[in-house]
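The values are calculated or read from the model by the stated rules, or taken from the named source; none is laboratory data. What you see is a predicted model, and the numbers here were worked out from it, not measured in a lab. Virtual Cβ from ideal backbone geometry, glycine too; neighbours counted across all protein chains shown.
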Amino acid sequence: MSKRKYSSPDSIAITRVKQSLQTNAKRAYEIRLQTGNGGNLSGRVPGTDLIVIKASGCSFEQCQPDNLITVTLGGTQIDGEGMPSQELATHLAIYKHRPDVHGIFHSHSPWAIACASRGDTIPTVTFHAKSKLGRIPILRVPDEATPAKLDAIKALLAADCNLQAFVQDRHGIFSFASSIELARYNAELVEETAQIAWFMAISDYLALNRGPDA
Ligand SMILES: [Zn+2]
(Lines give C-alpha, C1' and ligand atoms only; values in the text may rest on other atoms or scores of the structure.)
Protein backbone atom coordinates (compact mmCIF):
# COMPACT_ATOMS: atom_id res chain seq x y z
CA MET A 1 0.00 0.00 0.00
CA SER A 2 1.19 3.52 -0.72
CA LYS A 3 2.95 5.52 2.00
CA ARG A 4 1.46 8.68 0.60
CA LYS A 5 -0.13 10.85 3.29
CA TYR A 6 -3.05 13.17 2.87
CA SER A 7 -3.92 16.31 4.72
CA SER A 8 -6.61 16.46 7.35
CA PRO A 9 -9.06 18.26 5.00
CA ASP A 10 -8.53 15.44 2.47
CA SER A 11 -9.22 12.84 5.16
CA ILE A 12 -12.45 14.63 6.06
CA ALA A 13 -13.44 14.75 2.39
CA ILE A 14 -12.72 11.01 1.99
CA THR A 15 -14.91 10.26 5.02
CA ARG A 16 -17.74 12.31 3.52
CA VAL A 17 -17.50 10.44 0.19
CA LYS A 18 -17.54 7.09 2.02
CA GLN A 19 -20.65 8.12 3.97
CA SER A 20 -22.42 9.11 0.75
CA LEU A 21 -21.44 5.86 -0.99
CA GLN A 22 -22.66 3.82 1.99
CA THR A 23 -26.03 5.61 2.01
CA ASN A 24 -26.57 5.19 -1.73
CA ALA A 25 -25.41 1.56 -1.77
CA LYS A 26 -27.88 0.63 0.96
CA ARG A 27 -30.70 2.45 -0.82
CA ALA A 28 -29.93 0.60 -4.08
CA TYR A 29 -29.93 -2.73 -2.23
CA GLU A 30 -33.22 -1.96 -0.45
CA ILE A 31 -35.03 -1.24 -3.73
CA ARG A 32 -33.37 -4.30 -5.38
CA LEU A 33 -31.65 -2.24 -8.06
CA GLN A 34 -28.76 -4.60 -7.23
CA THR A 35 -29.07 -7.88 -5.35
CA GLY A 36 -26.36 -10.24 -4.06
CA ASN A 37 -22.78 -9.01 -4.12
CA GLY A 38 -22.67 -7.75 -7.70
CA GLY A 39 -22.43 -4.18 -8.90
CA ASN A 40 -20.22 -1.39 -7.64
CA LEU A 41 -20.16 2.33 -7.05
CA SER A 42 -17.57 5.05 -6.56
CA GLY A 43 -17.19 8.72 -5.80
CA ARG A 44 -14.56 11.33 -6.59
CA VAL A 45 -13.00 13.12 -3.60
CA PRO A 46 -13.46 16.82 -4.49
CA GLY A 47 -10.27 18.78 -5.08
CA THR A 48 -7.99 15.72 -5.07
CA ASP A 49 -6.77 13.04 -7.47
CA LEU A 50 -8.58 10.40 -5.39
CA ILE A 51 -11.68 8.31 -5.80
CA VAL A 52 -13.37 5.90 -3.37
CA ILE A 53 -14.75 2.62 -4.75
CA LYS A 54 -16.50 -0.44 -3.30
CA ALA A 55 -14.29 -3.44 -2.56
CA SER A 56 -14.63 -6.53 -4.70
CA GLY A 57 -16.87 -9.24 -3.25
CA CYS A 58 -18.95 -7.26 -0.76
CA SER A 59 -22.60 -6.47 -1.35
CA PHE A 60 -24.14 -3.02 -1.46
CA GLU A 61 -25.85 -3.92 1.80
CA GLN A 62 -22.47 -4.60 3.45
CA CYS A 63 -20.81 -1.34 2.37
CA GLN A 64 -19.05 0.42 5.25
CA PRO A 65 -15.95 2.65 5.51
CA ASP A 66 -13.50 -0.29 5.74
CA ASN A 67 -14.63 -1.90 2.47
CA LEU A 68 -14.88 1.37 0.59
CA ILE A 69 -11.38 1.73 -0.81
CA THR A 70 -9.56 4.95 -1.66
CA VAL A 71 -7.38 4.87 -4.79
CA THR A 72 -5.60 7.48 -6.86
CA LEU A 73 -6.67 8.18 -10.45
CA GLY A 74 -3.52 6.23 -11.34
CA GLY A 75 -4.94 3.16 -9.58
CA THR A 76 -2.76 3.13 -6.42
CA GLN A 77 -4.64 1.91 -3.36
CA ILE A 78 -4.44 4.28 -0.38
CA ASP A 79 -6.66 2.66 2.25
CA GLY A 80 -9.35 0.06 2.83
CA GLU A 81 -9.62 -3.70 3.29
CA GLY A 82 -9.53 -6.10 0.34
CA MET A 83 -9.18 -5.28 -3.33
CA PRO A 84 -10.97 -2.54 -5.27
CA SER A 85 -13.85 -3.63 -7.51
CA GLN A 86 -12.86 -5.48 -10.68
CA GLU A 87 -14.47 -2.59 -12.57
CA LEU A 88 -11.92 -0.09 -11.20
CA ALA A 89 -10.39 0.47 -14.66
CA THR A 90 -13.82 1.32 -16.08
CA HIS A 91 -14.48 3.84 -13.30
CA LEU A 92 -11.03 5.43 -13.71
CA ALA A 93 -11.52 5.74 -17.48
CA ILE A 94 -14.79 7.63 -16.96
CA TYR A 95 -13.35 9.93 -14.26
CA LYS A 96 -10.33 10.77 -16.41
CA HIS A 97 -12.47 11.56 -19.45
CA ARG A 98 -15.16 13.48 -17.57
CA PRO A 99 -13.91 15.94 -14.91
CA ASP A 100 -17.54 16.86 -14.17
CA VAL A 101 -18.33 13.33 -12.98
CA HIS A 102 -18.16 12.88 -9.19
CA GLY A 103 -20.14 9.65 -8.85
CA ILE A 104 -20.42 6.38 -10.81
CA PHE A 105 -23.01 3.67 -10.21
CA HIS A 106 -23.02 0.18 -11.75
CA SER A 107 -25.73 -2.47 -11.28
CA HIS A 108 -26.79 -5.74 -12.90
CA SER A 109 -30.40 -4.62 -13.14
CA PRO A 110 -32.60 -7.16 -14.97
CA TRP A 111 -34.93 -4.99 -17.06
CA ALA A 112 -32.06 -2.95 -18.48
CA ILE A 113 -30.03 -6.06 -19.32
CA ALA A 114 -33.02 -7.70 -21.01
CA CYS A 115 -33.80 -4.52 -22.95
CA ALA A 116 -30.16 -4.20 -24.07
CA SER A 117 -30.28 -7.54 -25.90
CA ARG A 118 -31.72 -5.79 -28.99
CA GLY A 119 -31.12 -2.49 -30.74
CA ASP A 120 -28.52 0.23 -30.25
CA THR A 121 -30.17 2.07 -27.37
CA ILE A 122 -32.60 1.62 -24.50
CA PRO A 123 -35.71 3.38 -25.88
CA THR A 124 -36.35 6.54 -23.85
CA VAL A 125 -40.10 5.98 -24.03
CA THR A 126 -41.11 8.47 -21.33
CA PHE A 127 -40.85 12.25 -21.40
CA HIS A 128 -38.98 12.09 -18.08
CA ALA A 129 -36.30 9.72 -19.38
CA LYS A 130 -35.90 11.66 -22.62
CA SER A 131 -35.52 14.98 -20.82
CA LYS A 132 -33.23 13.69 -18.05
CA LEU A 133 -31.06 11.18 -19.90
CA GLY A 134 -31.49 11.86 -23.61
CA ARG A 135 -29.88 8.81 -25.16
CA ILE A 136 -28.99 5.53 -23.40
CA PRO A 137 -26.58 3.67 -25.71
CA ILE A 138 -25.83 -0.04 -25.49
CA LEU A 139 -22.22 -1.17 -25.29
CA ARG A 140 -21.48 -4.52 -26.95
CA VAL A 141 -18.04 -5.66 -25.84
CA PRO A 142 -16.61 -8.60 -23.87
CA ASP A 143 -17.49 -8.44 -20.19
CA GLU A 144 -14.04 -7.92 -18.70
CA ALA A 145 -12.43 -4.48 -18.33
CA THR A 146 -10.15 -5.12 -21.31
CA PRO A 147 -8.42 -2.38 -23.33
CA ALA A 148 -11.07 -2.96 -26.03
CA LYS A 149 -13.87 -2.30 -23.54
CA LEU A 150 -12.14 0.82 -22.20
CA ASP A 151 -11.62 2.12 -25.75
CA ALA A 152 -15.30 1.52 -26.54
CA ILE A 153 -16.33 3.43 -23.40
CA LYS A 154 -14.04 6.34 -24.30
CA ALA A 155 -15.63 6.42 -27.76
CA LEU A 156 -19.12 6.60 -26.22
CA LEU A 157 -18.02 9.45 -23.95
CA ALA A 158 -16.33 11.29 -26.81
CA ALA A 159 -19.44 10.99 -28.99
CA ASP A 160 -21.69 12.63 -26.37
CA CYS A 161 -20.17 15.00 -23.79
CA ASN A 162 -23.47 14.97 -21.88
CA LEU A 163 -23.78 11.19 -21.69
CA GLN A 164 -25.13 10.11 -18.30
CA ALA A 165 -25.58 6.36 -18.69
CA PHE A 166 -25.03 3.37 -20.91
CA VAL A 167 -25.92 -0.30 -20.61
CA GLN A 168 -23.39 -3.02 -21.33
CA ASP A 169 -25.01 -5.96 -23.12
CA ARG A 170 -25.29 -9.06 -20.88
CA HIS A 171 -23.86 -7.06 -17.99
CA GLY A 172 -25.65 -4.00 -16.64
CA ILE A 173 -26.11 -0.28 -16.15
CA PHE A 174 -23.25 2.20 -15.85
CA SER A 175 -24.48 5.66 -14.83
CA PHE A 176 -22.55 8.74 -13.80
CA ALA A 177 -23.26 12.28 -12.62
CA SER A 178 -22.02 15.19 -10.54
CA SER A 179 -22.71 13.19 -7.35
CA ILE A 180 -23.18 9.54 -6.43
CA GLU A 181 -26.78 10.29 -5.45
CA LEU A 182 -27.56 11.67 -8.94
CA ALA A 183 -25.71 8.74 -10.53
CA ARG A 184 -27.97 6.34 -8.56
CA TYR A 185 -31.04 8.30 -9.66
CA ASN A 186 -29.86 7.91 -13.27
CA ALA A 187 -29.52 4.15 -12.80
CA GLU A 188 -33.00 3.96 -11.28
CA LEU A 189 -34.37 5.91 -14.24
CA VAL A 190 -32.62 3.64 -16.76
CA GLU A 191 -34.07 0.53 -15.07
CA GLU A 192 -37.56 2.08 -14.83
CA THR A 193 -37.41 3.17 -18.49
CA ALA A 194 -36.31 -0.29 -19.65
CA GLN A 195 -39.17 -1.89 -17.72
CA ILE A 196 -41.74 0.46 -19.29
CA ALA A 197 -40.24 -0.15 -22.75
CA TRP A 198 -40.66 -3.88 -22.22
CA PHE A 199 -44.28 -3.51 -21.14
CA MET A 200 -44.99 -1.33 -24.19
CA ALA A 201 -43.34 -3.87 -26.50
CA ILE A 202 -45.42 -6.69 -24.99
CA SER A 203 -48.57 -4.59 -25.34
CA ASP A 204 -47.77 -3.89 -29.02
CA TYR A 205 -47.07 -7.60 -29.64
CA LEU A 206 -50.38 -8.65 -28.07
CA ALA A 207 -52.27 -6.03 -30.11
CA LEU A 208 -50.63 -7.20 -33.34
CA ASN A 209 -51.46 -10.84 -32.63
CA ARG A 210 -55.01 -10.28 -31.44
CA GLY A 211 -57.46 -12.06 -33.67
CA PRO A 212 -60.24 -10.22 -35.55
CA ASP A 213 -62.82 -11.39 -32.99
CA ALA A 214 -60.83 -10.36 -29.93
ZN1 LIG B 1 -20.79 -5.68 -13.22
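Restricting region 49-88 to residues that are part of a loop (DSSP other than H, G, I, E, B), of a type in the set (S, T, N, Q) and at pLDDT 95 or above, which is nearest to the ligand (Cβ to nearest atom)? Per the stated criteria, the residue is SER85. Scanning region 139-158 for residues that are away from the ligand (no atom under 14 Å from the Cβ), in contact (Cβ under 8 Å) with a residue 12 or more places away in the chain and not in a loop (DSSP other than H, G, I, E, B) gives LEU150, ALA152, LYS154, LEU156, LEU157, ALA158.
Screening TRP198 on (1) touching a strand residue (DSSP E or B) at 6+ places or on another chain (Cβ under 9 Å); (2) part of a helix (DSSP H, G or I); (3) touching a residue at least 24 places away in the same chain (Cβ under 8 Å) shows it passes everything except condition (1). If you go through region 167-178 and keep only what is buried (at least 23 other Cβ atoms within 10 Å of the Cβ) and more than 13 Å from the ligand (Cβ to nearest atom), you end up with just PHE176.
Residues that are touching a residue at least 24 places away in the same chain (Cβ under 8 Å), within 16 Å of the ligand (Cβ to nearest atom) and surrounded by 14 or more Cβ atoms within 10 Å (Cβ to Cβ) do not occur anywhere in region 125-134.
As a summary of the residue check, ASN186 satisfies the conditions (1) part of a helix (DSSP H, G or I); (2) under 15 Å from the mean Cα position of the chain (by Cα); (3) modelled with pLDDT under 95; (4) not β-branched (Val, Ile, Thr) except for the one numbered (3).
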